[in-house]
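Note sheet for the following structure.
A short reminder: the numbers here are calculations on the coordinates, not readings from a lab. Treat the numbers as computed from the prediction; the structure is a model and nothing was measured.
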Amino acid sequence: MSSPDFRGSLPPNPSLRHLKLQAKELLKSARQGDSRALDRVGTYANRRHAVTLADAQLTIAREYGFRSWTQLKIQVETTAATFAERLDTFLAEGWAWGDNRRARLVLDVEPALTQANIYAACTAIDAQVVERLLADDPTSATRVGGPRHWQPILYVTWSCWLAERVDEALRVMELLLQHGADPNAAWHNPQYQVDESALYGCVTANCDRAARMLLERGADPNDNESLYHACENGNLAMLHALGDSGLAAKDISYCIKHAIDYR
């Protein structure tokens, strides 16, 4: 018996369980030598022999218009989630070291997330929303909150969108700084028992313009992270910005050696 072909769009309320069953049925048919199933798998997995479950899942995902099974899975989970659950996922994953693919998909499904609160607006780097929220409550510029319990400026400088929305990020940062945000704001990294600065977030994104803004507003370049990692990126504008802001001689010497070793 041939496995049914599911090419097309997902239903309004897709079921991950049902999609998994489709993949298993396709795998079973392919392993039984069904020519139609083998043709389907061969189109996307580029093989007709020794078909695996991963091959079948990829085929199902591609037939529904997704690049991968993981992307399809995230889409289905996001569609089934509540607004609050989507917001939690967006804020938890929309930073430099988060699952950025999941954060982007969540925002695609629920664009209104950017208006939920100042932490979401800063993560998405939406200057218009940030400006409106600060007008309503100026004290929110410095209020710790969100799932990471960060100050809003950290959600900007550590956002996974920072490098691609630089102009908008500078507007958001300017608004926050005008309302009292701390250019030396930092979050505690329990894994290494160190504080990671807003400036280091800019370095992580290799965004020298955002880094220079913080430095010009008083950010300390000697934070034990920023110069060290800036040497790895090879961004001369970033290094100039740090160098113009009072680097300690010992840090300069150490990081020159690190840059040589890194190259």
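Taking every DSSP helix (H) stretch of at least 4 residues in the chain, weighting each as -39,500 (n - 2.57) and dividing the sum by the residue count yields a mean residue ellipticity at 222 nm of -17000 deg cm²/dmol. Across the chain, the mean sequence separation of Cα contacts (distance under 8 Å, 6 or more residues apart), normalised by length, yields a relative contact order of 11 percent. Our summary of shape: the Cα atoms of the chain have principal axis extents of 73, 50, 31 Å, ordered from largest down, in whole angstrom. Over segment 31-124, the hull volume per residue, using the convex hull of the C-alpha atoms, is 102 Å³. Axis angle, to the nearest 10 degrees, between helix 166-178 and the longest C-alpha principal axis of the chain: 50 degrees. Counting only aspartates and glutamates at least 8 places from Lys20 when in the same chain, those with an alpha carbon closer than 18 Å to its own are Asp5, Asp55, Glu63, Glu77.
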